[in-house]
Structure formats: C-alpha cells, structure tokens
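The values are calculated or read from the model by the stated rules, or taken from the named source; none is laboratory data. Please read these numbers as outputs of a predicted model, since none were measured by experiment. Virtual Cβ from ideal backbone geometry, glycine too; neighbours counted across all protein chains shown. Each accessible area value is taken on the protein alone, full model and side chains, heavy atoms only, with ligands, DNA and RNA left out. Shrake-Rupley method; radii C 1.70, N 1.55, O 1.52, S 1.80 Å.
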Amino acid sequence: MTRKDDTPPAWDERTQLTTFLDYARDTARAKCEEVSEENARRAPLPDSPLMTLSGLVNHLRWVEYYWFQVVFLGEEDEGPWTDEDPDREMRIAVDMPLADVLAEYEEQAARYRELVAANDLDAQAKTPIRDGRHTDLRWILLHLIEETARHNGHLDIIRELVDGTTGV
C-alpha cells in the first residue's frame, strides 16, 4: 500500500478534513507493510505490553467505530472493551492475523467515508460527550485525525523497535 498525498483535490473544508483522515489511515496501514506476523504481535516496550502494531491498528479501528457509530449515530456500544478490560481491543488483536485487522480497518473506513459524505459537518452527535455537550461531525473528524496521527507516531516507534524498519 502506498500512502496517498495529504494535499486535498479541492479546498473546501469537508475535502480537507476527509483527505487528512484518509492520509492518516493510509499512514497507519503503511507502517504495517511487510511486517511479519510475529513482529506485528511483539510488544517491545517492557512497561507497555499492549503496544503492538496489531493492537494499535485494532485500537484505531475501534476508536472510529466508537466515535461514528456510538457517539455520532447514537447506536448501542458493542465494542470489545469492558469495564474490567477497557483496552481489550488492543489485547485481542494479537490473536488475529494482521491482514484481517488491516482489512477490517479499511472496510470500516469505506463505510465511514460514506457516512461522512451523507451528513453535514454541523450535524450534531446523538450521544453527548463526557461533559454533556453534543459534538458535531466536524469535531469528530478533527478528533480522529488527531488520534490517528498521534498513534502513527507510536506505530513508527514500535515498527523500528520490532524489526528496524524506519521511514515508512
């Protein structure tokens, strides 16, 4: 997978936001190219056993699910996390083939591209955030860009530690 350019094809706000989110998603996937299954599951930081390539990508997948389906659409939260294991999405990923994790992330991203295209950026989320306010779709996109970009830095470090690959 080759990363796409982060320059949008048009300068309207929606195109800029969706281009940056897609670029961040593509970067996350690129960080996992040609990594072995063993290295995709390795947690090279002794004090951070959940920091694996597969765990981080699965986390990104489920973060998008939460913000789009649970918060924006108001659907019931059926994520893998529990009160007893709030980071379960990262833990279960080490038992999944990385190709499956990446495919689920991409398939879901395609659905969310359609969701974003079908809604106004000012559309209010059905579920309030922690402080009781209802965010809008614009804020959710900005949040996901930030979250994905931040975790791309983690993916970059983990990839270098597990197999020495840099510059992806």
(request) Please state which one of 49, 44 is open to solvent by 20 Å² or more (accessible area, probe 1.4 Å), within 19 Å of residue 150 (Cα to Cα) and in contact (Cβ under 8 Å) with a residue 40 or more places away in the chain. (result) 44
(message) List pairs: first residue in segment 84-102 and without any contact (Cβ under 8 Å) to a residue 24 or more places away in the chain, second residue in a helix (DSSP H, G or I) anywhere in the structure, Cβ distance under 7 angstrom, at least six positions apart or on different chains.
(response) 85/91
(request) Could you identify the single residue in 26, 22, 77, 12 that is over 17 Å from residue 145 (Cβ atoms) and at pLDDT 95 or above? (result) 77
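Across segment 18-34, which residue is surrounded by the fewest Cβ atoms within 10 Å (Cβ to Cβ) among those that are among the aliphatic types (A, V, I, L, M) and farther than 17 Å from residue 90 by Cβ?
Filtering first and then ranking leaves 30.
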(request) Output the helices (runs of 4 or more DSSP H) that fall wholly within segment 1-112 and possess 3 or more residues being among the polar types (S, T, N, Q), or say none. (result) 13-30
(message) Being of a type in the set (Gly, Ala, Ser) and closer than 24 Å to residue 16 by Cα is the filter here; which residues of segment 130-168 pass it?
(response) 149, 153
(request) Go through segment 117-156 and count every residue that is polar (S, T, N, Q), under 13 Å from residue 71 (Cα atoms) and without any contact (Cβ under 8 Å) to a residue 60 or more places away in the chain. (result) 2
(message) Tell me whether segment 144-159 contains one or more residues that are of a type in the set (D, E, K, R) and more than 26 Å from residue 55 (Cβ to Cβ).
(response) no
(message) If the requirement is being open to solvent by 60 Å² or more (accessible area, probe 1.4 Å), free of Cβ contacts under 8 Å to residues at least 60 places away in the same chain and not polar (S, T, N, Q), which of these qualifies: 114, 37?
(response) 114
(request) Quick one: count up the residues across segment 42-72 that are polar (S, T, N, Q) and under 14 Å from residue 28 (Cα atoms). (result) 3
(message) Just to be sure before I move on: is residue 99 surrounded by fewer than 15 Cβ atoms within 10 Å (Cβ to Cβ) and closer than 18 Å to residue 32 by Cα in the structure I sent?
(response) yes
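Condition first: within 11 Å of residue 57 (Cβ to Cβ) and not hydroxyl-bearing (Ser, Thr, Tyr). Now tell me which residues in segment 100-119 satisfy that.
Of everything in segment 100-119, those that are within 11 Å of residue 57 (Cβ to Cβ) and not hydroxyl-bearing (Ser, Thr, Tyr) turn out to be 100, 101, 102, 103, 104, 106.
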